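Enquirer: The following block contains the structure, expressed as C-alpha cells.
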Amino acid sequence: MPAGDKSTIVTRAPGVAEIAARHTDEAETARRLSPEVVRAVLDAGFARHFVPVAHGGEAGGFTELTSAVGLVGEGCTSAAWAASLAAYAGRYAAFLPAEGQAEIWADGPDALLAGALMPSGKAEPVAGGWRLSGEWKYISGVHFADWALACAAVPAEGPVDPDARPEVRFFAVPRADFSIEDSWFTVGMRGTGSDTLVLADAFVPEHRTLARSVVHAGRAPASDARCHLVPMHAVNALPFAAPLIGAARG
C-alpha cells in the first residue's frame, strides 16, 4: 500500500483477504461468494466507500480503494472483483437525483449495489418514469445485491437523427423487482457469481434514473466531493485492473 495510507478500508482489507482465502473452495463450488465473505466486504467499508457523506458514506478516494482491492485480491480474486465493483456501483448511484439517493441509502450507506455498465433490455417511458424489461448478463455480486443498476438505451424524443447515438441511462431497481438467471459457468473467477439479471415490466420512477453521460462527464448533482467530479474515462479501468494486480501479487 502507498506509504502513509492508513484509511480504514486499507487497514481492514487484509482481514477480508484472510477470510476470503478460507472460503475460496466454497466460492468455486457455489459459483458465488459465501455470506461470510460478503459480510467482511461490507464491514470493511467497500460498499460505502464512494457513498456521499450526506448519506453516511465516506466519499473516499480512488487511491485507497485501489490499494484495498489489491490487498483483497492477494487472498481471493473473486472477492476483490466483487468488492471493487460494489464500490464503483455506489459511485454511479451518487449521480442519481437526490430523491433517488435517499431511497437507496434510506437504511444506511452499506446498501450493496450491483451494476450493468453496458446497455441491454428495453426501457419505455411511462407516466412518472419508465418500464424496464430484459436481461443483463455478467452482473457480478447480483445474488447479494440490495439494488441493481440496469443500463438501457432509451427511445429518442422528437425527430430522430439517424446518425445520433441513442441516449443510455442507468435505472436503479430494488431486489424485490428483479430475478436472477443461473448462467455463470466459467473456468476462473467463478466466485464472482456474475449471473444474469432479469427484469419483467419493472416500474422505475424518474428519480431513480440518470443519463450515463452524466457519470461520463463527472457531474454529480448533489455532491462536490472529488470522487464525484471525476470523468469516467479517467478511472474506468481501475475497477477491473485492481483485483487482477492483487491476484498477480498473491
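Enquirer: At 10 °C and 1.306 mPa s, what whole-number value in µm²/s does Stokes-Einstein give for the translational diffusion of segment 88-175, with Rh from the Kirkwood sum over Cα pairs? It would help to have the intermediate numbers written out before the result.
Expert: On the way: Rh = 14.0 Å.
After rounding, the answer is 113 µm²/s.
Enquirer: Return the sequence-ordered ³J(HN,Hα) values of segment 8-19 in whole Hz as given by the Karplus equation 6.51 cos²θ - 1.76 cosθ + 1.60 applied to θ = phi - 60°, using x for Gly and Pro.
Expert: Those phi angles translate into 4, 5, 6, 5, 8, 4, x, x, 5, 4, 5, 5 Hz.
Enquirer: Here are several values of Rg/Rh (Cα atoms, Kirkwood Rh): (i) 0.99; (ii) 1.05; (iii) 0.97. Which one was derived from the coordinates shown?
Expert: (iii)
Enquirer: How big is segment 129-205 in terms of Cα radius of gyration and Dmax, in angstroms?
Expert: When restricted to the Cα atoms of segment 129-205, Rg and Dmax are 14.7, 47 Å.
Enquirer: A follow-up question, please. Quick check on the chain: helices-only [θ] at 222 nm, where DSSP H runs of length 4 and up contribute -39,500 (n - 2.57) each and the sum goes over total residues. Nearest 500, please. Mind showing how you got there, number by number?
Expert: Values: 9 runs with 90 residues, N = 250.
Helices in the chain give a 222 nm mean residue ellipticity of -10500 deg cm²/dmol.
Enquirer: Quote the accessible area belonging to Asp43 in square angstrom, nearest 10, computed with a 1.4 Å probe and with ligands, DNA and RNA left uncounted.
Expert: Here the residue's solvent-accessible area equals roughly 90 Å².
Enquirer: Once neighbouring chains are kept in place and the probe is 1.4 Å, which whole percent of the accessible area of segment 94-194 is contributed by carbon and sulfur? Before the final figure, lay out each step's value.
Expert: Values: 2720 of 5040 Å².
That share works out to 54 percent.
Enquirer: Something else now. Step through the residues of segment 115-132 one at a time and calculate ³J(HN,Hα) from phi using the Karplus curve (6.51 cos²θ - 1.76 cosθ + 1.60, θ = phi - 60°), rounding each to whole Hz and writing x for Gly and Pro.
Expert: For segment 115-132, the Karplus curve yields x, 10, 8, 9, x, 7, x, 9, 10, 10, x, 9, 4, x, x, 9, 10, 10 Hz.
Enquirer: Would you mind computing the Rg to Rh ratio of segment 2-122 from its alpha-carbon coordinates, Kirkwood style for Rh? Walk me through the numbers before you get to the answer.
Expert: Values: Rg = 14.5 Å, Rh = 14.7 Å.
Using Cα coordinates only, the ratio equals 0.99.
Enquirer: Let me ask something additional. Taking the Cα of Tyr138, stepping 7 Å toward and past its beta carbon, and measuring to each backbone N in segment 177-207: which are under 16 Å?
Expert: What the label zone holds, given the 16 Å backbone N cut-off, is 183-197.
Enquirer: Amide H neighbours of Ser194 under 5 Å, at least 5 residues apart or on other chains, H built in the peptide plane: list them.
Expert: Gly141
Enquirer: Sticking with this one: So what does Ile180 come to for accessible area, using a 1.4 Å probe and Å² rounded to 10?
Expert: For Ile180, the solvent-accessible surface is approximately 50 Å².
Enquirer: Still on this structure: Which value, in debye to the nearest 20, gives the size of the charge dipole of segment 84-175 about its Cα centre, when Lys and Arg are +1 and Asp and Glu are -1 at the Cβ? Intermediate results must be reported in sequence, preceding the final value.
Expert: Details: 7 positive and 11 negative charges, 51 e Å.
Here the size comes out at about 240 debye.
Enquirer: Roughly how big is the chain's charge dipole about its Cα centre, with Cβ charges of +1 (Lys, Arg) and -1 (Asp, Glu), in debye to the nearest 20?
Expert: Values: 20 positive and 28 negative charges, 93 e Å.
With only Lys, Arg, Asp and Glu charged at Cβ, the dipole is about 440 debye.
Enquirer: Just to confirm my numbers, what's the Cα centroid distance between segment 128-146 and segment 106-126 in Å?
Expert: Value for the Cα centre distance between the two parts: 6 Å.
Enquirer: Simple spin-label model, 7 Å along Cα-to-Cβ: Ala102 to Ala127 in nm?
Expert: 2.4 nm
Enquirer: For Gly218, what residues show an amide H to amide H distance below 5 Å, using hydrogens built from the backbone and excluding near sequence neighbours?
Expert: Answer set, sorted by chain and number: Met232.
Enquirer: Measuring with a 1.4 Å probe in the full set of protein chains, what accessible area per residue, in whole Å², belongs to segment 140-250? Provide the component values of the computation, followed by the final result.
Expert: Details: 5580 Å² over 111 residues.
Here the per-residue accessible area is 50 Å².
The values are calculated or read from the model by the stated rules, or taken from the named source; none is laboratory data. Here the structure is a predicted model, which is why all the values come from computation and not from measurement. Please note: Cβ atoms are built from the backbone with ideal geometry, for glycine as well, and neighbour counts cover all protein chains shown. Ligands, DNA and RNA are stripped out before the accessible areas are found, and what is left, the full protein with its side chains, is counted by its heavy atoms. Shrake-Rupley method; radii C 1.70, N 1.55, O 1.52, S 1.80 Å.
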